[in-house]
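Comments concern the structure below.
The values are calculated or read from the model by the stated rules, or taken from the named source; none is laboratory data. On a predicted model such as this, the values are computed, not experimentally measured, just so you know. For neighbour counting, all protein chains shown are included, and Cβ atoms are generated from backbone atoms with ideal geometry for every residue, glycine included. These area figures cover heavy atoms from the full protein model, side chains too; ligands, DNA and RNA do not enter into them. Shrake-Rupley method; radii C 1.70, N 1.55, O 1.52, S 1.80 Å.
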Amino acid sequence: MIETAERIGRPRFAAPSLNYSTQNFRDLYLLDEARSRNERALEVVGREGEYGMPGMQGRIDLLVTDLMQGEVGRVEREWPKLWDEAINGSAWRPWLGGCRLAFVRAELARQAEGPEAAVDAATDAIERARWIHRRKYAEMSRTILGEALLTLGRVDEGIAELQAAVAGADALGTPSLRWQHRVALGRARYATGDDDGAATAYAEAADVIRTYAATLTPEHAASFLGAEPVREALATAGG
């Protein structure tokens with residue numbers, strides 16, 4: 001789509017595909033490439049004009065990348081402006097933009113505001129995602145909720161949310177969610193003294209990681225397996 005749009009001289013139609021492609025690069029921890037593609041999409045929107053969702057979606061993607069790189073301050077500055085545009089916008093903006101931004105808000109709360117704020121933000125994100133049937137964002141927010149509940153001492157509730165997140169990731173089939181949610185469950189089980197349960201969760205995460213890596217090109221597999229979160233998961237699982 002990107003190559004065709006450029007070849008026929010209609011670059012504005014490349015913008016959505018540039019944005020869509022960035023999820024794959026974030027899954028591989030190729031964050032500079034993901035950021036570059038979103039910035040290219042926003043350049044096209046700025047030059048060719050906005051005709052739908054590429055502008056907002058690209059800006060939301062950049063917030064997700066910022067949080068993956070620990071750029072909390074940037075997200076704190078940019079999130080309110082985007083939220084106002086989404087919630088007070090028309091058509092898809094309040095429900096799709098609002099859903100994605102609610103997840104960003106939950107992750108921001110997890111990183112910067114403490115478990116109480118994370119519980120509130122994640123609960124809101126789950127409800128919004130359920131309402132519009134965006135299961136991926138519901139499951140990602142559920143992991144944030146589970147970890148926050150665990151930190152607050154609500155162990156049974158936290159474990160239940162993390163188990164549900166693993167089941168939800170399996171139903172979706174997304175490799176990145178399947179191994180990441182198992183790692184979150186493994187951490188929780190270790191923290192609560194369930195060493196056998198933790199070992200099982202990490203072993204399953206490692207299996208998903210290796211199976212996924214085997215489907216990638218050598219270059220992409222090397223980047224993925226070399227990313228710190230992936231290396232930590234494999235090391236905890238015993239290699």
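Here is how the numbers come out for the structure above:
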read-out: Unmet requirement for D194, which otherwise passes all of (1) surrounded by fewer than 18 Cβ atoms within 10 Å (Cβ to Cβ); (2) over 19 Å from the mean Cα position of the chain (by Cα); (3) in contact (Cβ under 8 Å) with a residue 24 or more places away in the chain; (4) farther than 24 Å from Q69 by Cα; value: (3)
read-out: Test for S90: is it crowded, with 16+ Cβ neighbours inside 10 Å, at pLDDT below 95 and of a type outside the set (A, V, I, L, M); value: no
read-out: Filter result for E228 (within 18 Å of the chain's Cα centre (by Cα), at pLDDT 95 or above and charged (D, E, K, R)); value: yes
read-out: Count of residues meeting criterion [outside any helix (DSSP H, G or I), crowded, with 17+ Cβ neighbours inside 10 Å and either at pLDDT 95 or above or in contact with a Ser or Thr (Cβ under 7 Å, 6 or more places away or on another chain) (or both)] in the range 31-71; value: 0
read-out: The lone exception for V166 - which of (1) open to solvent by less than 10 Å² (accessible area, probe 1.4 Å); (2) of a type in the set (A, V, I, L, M, F, W, C); (3) within 19 Å of R154 (Cβ to Cβ) it fails; value: (1)
read-out: Residues that are at pLDDT 85 or above and over 14 Å from V45 (Cβ atoms), drawn from the range 1-30; value: Y20, S21, T22, Q23, N24, F25, R26, D27, L28, Y29, L30
read-out: Residues that are surrounded by fewer than 17 Cβ atoms within 10 Å (Cβ to Cβ) and of a type in the set (V, I, T), drawn from the range 111-136; value: I132
read-out: Residue within the range 227-238 that is in contact (Cβ under 8 Å) with a residue 24 or more places away in the chain, closer than 22 Å to L108 by Cα and buried (at least 18 other Cβ atoms within 10 Å of the Cβ) present; value: yes
read-out: Candidates R210, R135, R178, R128 - the one that is closer than 19 Å to R110 by Cα and basic (K, R); value: R128
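Yes/no matrix, rows are residues, columns are (1) more than 24 Å from I159 (Cα to Cα); (2) of a type in the set (D, E, K, R); (3) in contact (Cβ under 8 Å) with a residue 24 or more places away in the chain:
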position	(1), (2), (3)
V75	yes, no, yes
F103	no, no, yes
G114	no, no, no
D120	no, yes, no
